[in-house]
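S.K.: Have a look at this one.
The values are calculated or read from the model by the stated rules, or taken from the named source; none is laboratory data. Worth saying up front: this structure is predicted, and the values here are computed from it rather than measured. Note that we place each Cβ from the backbone using ideal geometry, even for glycine, and neighbour counts take in every protein chain shown. Side chains included, ligands, DNA and RNA excluded: accessible areas come from the protein's heavy atoms. Shrake-Rupley method; radii C 1.70, N 1.55, O 1.52, S 1.80 Å.
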Amino acid sequence: MTVLTLVPLRTSADFADWFRPGAEYVLRVAEGMGLETEGLPDVVEEAEAAMRARRAGTDVSESVARVVSSALLADAAFGPPFLEWTPVWYELALTGPTHYADWRLRRIAARYAETLDHVSVPRFSRPRDVLVEGRPATAFVSGFADRFAFASALLHVEWFAPVAREWGLSLPSDLVERTRRETVELYVGRRSVADLSPDARRFQRLLFTDETWVREVDDRYELDSLLFDAWERVLRRERERFASK
């Protein structure tokens with residue numbers, strides 16, 4: 001089995017097993033950073049149940065609609081910018097499947113967003129947006145694993161921050177921008193892990209638990225995907241690097 005198993009997914013029930021690991025990821029990072037999550041685990045349970053029952057629109061609470069739509073819209077926006085950070089051969093191979101998955105995610109998210117006035121969608125950085133000495137930051141990183149790690153480190157910060165706000169979580173005012181700046185400096189060789197601000201380092205260690213999201217999606221959909229295995233290995237490597245003393 002491969003990621004082609006995901007192609008037939010069409011209904012909210014089909015995507016419940018996609019949503020749940022992502023929701024648990026948000027809670028895990030938030031709790032690890034000491035953010036107040038009271039009530040959110042119950043909303044996540046309610047949201048998963050609604051998705052499995054194919055309930056949306058006026059059939060769900062505003063909190064459920066916001067949790068589901070914000071997470072899925074962020075996932076849908078993530079793929080194309082991420083691919084631009086990777087080697088060309090990888091970007092070309094994954095562009096078609098990525099755009100298809102994004103389209104499916106947006107269609108499901110729209111059913112939950114239709115009763116809301118507004119849902120924030122992240123704007124993810126592309127290499128042309130991150131310049132170091134006048135050159136795109138990717139010029140300082142070579143090889144699939146290192147470029148994949150760099151993209152993950154930067155873009156999962158940009159994924160988490162707006163999703164967290166939509167979920168009512170309050171991050172320290174300067175944490176996101178400082179983590180983003182220090183992360184770029186780390187991956188282009190201007191800073192070591194030991195030189196990161198303690199809270200930025202902890203934030204990244206928690207964010208790199210997205211290896212768990214990869215493993216759970218692979219297991220839940222019975223993909224047995226070599227691609228997901230490769231993603232998980234890179235993410236685990238980086239999580240362990242940020243956890244090292």
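S.K.: For residues that are of a type outside the set (Gly, Ala, Ser) and assigned to a helix (DSSP H, G or I), scanning just the range 46-60, find the one that is most open to solvent (accessible area, probe 1.4 Å).
M.R.: Applying the filter and picking the extreme gives Thr58.
S.K.: Return the total of residues in the range 155-174 being open to solvent by less than 10 Å² (accessible area, probe 1.4 Å) and without any contact (Cβ under 8 Å) to a residue 40 or more places away in the chain.
M.R.: Total satisfying the criteria: 1.
S.K.: Which residues, counting only those in the range 56-80, are within 11 Å of the chain's Cα centre (by Cα), within 20 Å of Pro41 (Cα to Cα) and of a type in the set (Gly, Ala, Ser)?
M.R.: Ala71, Ala74
Residues checked against (1) open to solvent by 20 Å² or more (accessible area, probe 1.4 Å); (2) hydroxyl-bearing (Ser, Thr, Tyr):
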{"position": "Tyr25", "(1), (2)": "no, yes"}
{"position": "Gly32", "(1), (2)": "yes, no"}
{"position": "Asp42", "(1), (2)": "yes, no"}
{"position": "Ala71", "(1), (2)": "no, no"}
{"position": "Glu84", "(1), (2)": "yes, no"}
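S.K.: Just one of the numbered conditions (1) at pLDDT 95 or above; (2) open to solvent by 50 Å² or more (accessible area, probe 1.4 Å) is not true of Ile108; which one?
M.R.: The number of the failed condition is (2).
S.K.: Right, next: Ser63 - would you say it is hydroxyl-bearing (Ser, Thr, Tyr), open to solvent by 50 Å² or more (accessible area, probe 1.4 Å) and closer than 25 Å to Leu171 by Cβ?
M.R.: So Ser63 passes the test.
S.K.: Given the conditions (1) open to solvent by less than 50 Å² (accessible area, probe 1.4 Å); (2) touching a residue at least 40 places away in the same chain (Cβ under 8 Å), and given that Pro97 satisfies all but one, which numbered condition is not satisfied?
M.R.: Unmet for Pro97, out of (1) open to solvent by less than 50 Å² (accessible area, probe 1.4 Å); (2) touching a residue at least 40 places away in the same chain (Cβ under 8 Å): (1).
S.K.: Just wondering, is there one or more residues in the range 8-22 that are open to solvent by 30 Å² or more (accessible area, probe 1.4 Å) and under 14 Å from the mean Cα position of the chain (by Cα)?
M.R.: yes
S.K.: Can Val132 be described as open to solvent by 60 Å² or more (accessible area, probe 1.4 Å), β-branched (Val, Ile, Thr) and either under 20 Å from the mean Cα position of the chain (by Cα) or over 17 Å from Trp18 (Cβ atoms) (or both)?
M.R.: The answer is no for Val132.
S.K.: State whether the residues of the range 150-164 include one that is more than 15 Å from Leu35 (Cα to Cα), assigned to a loop (DSSP other than H, G, I, E, B) and not small (Gly, Ala, Ser).
M.R.: Within the range 150-164, not a single residue is more than 15 Å from Leu35 (Cα to Cα), assigned to a loop (DSSP other than H, G, I, E, B) and not small (Gly, Ala, Ser).
S.K.: Right, here's the next one. Please work out which residue is nearest to Ala149 (Cα to Cα), limiting yourself to the range 219-237 and to residues that are in contact with an Asp or Glu (Cβ under 6 Å, 6 or more places away or on another chain) and not in a loop (DSSP other than H, G, I, E, B).
M.R.: Leu235
This table checks each residue for (1) open to solvent by 50 Å² or more (accessible area, probe 1.4 Å); (2) of a type in the set (A, V, I, L, M, F, W, C); (3) at pLDDT below 95.
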| residue | (1), (2), (3) |
| --- | --- |
| Leu186 | no, yes, no |
| Leu196 | no, yes, no |
| Asp199 | no, no, no |
| Leu206 | no, yes, no |
| Thr209 | no, no, no |
| Trp213 | no, yes, no |
| Arg220 | yes, no, yes |
| Ser225 | no, no, yes |
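S.K.: Sticking with this structure for a sec: Inspect all residues belonging to the range 160-171 and state whether any of them is modelled with pLDDT of 95 or more and over 18 Å from Gly22 (Cβ atoms).
M.R.: No, the range 160-171 contains no residue that is modelled with pLDDT of 95 or more and over 18 Å from Gly22 (Cβ atoms).
S.K.: Sort through Asp102, Asp117 and tell me the only one that's closer than 30 Å to Asp146 by Cα and either open to solvent by 10 Å² or more (accessible area, probe 1.4 Å) or outside any loop (DSSP other than H, G, I, E, B) (or both).
M.R.: Answer to the selection: Asp102.
S.K.: Which ones in the range 142-154 are surrounded by 18 or more Cβ atoms within 10 Å (Cβ to Cβ) and not charged (D, E, K, R)?
M.R.: Result: Phe148, Ala149, Phe150, Ala151, Ser152, Ala153, Leu154.
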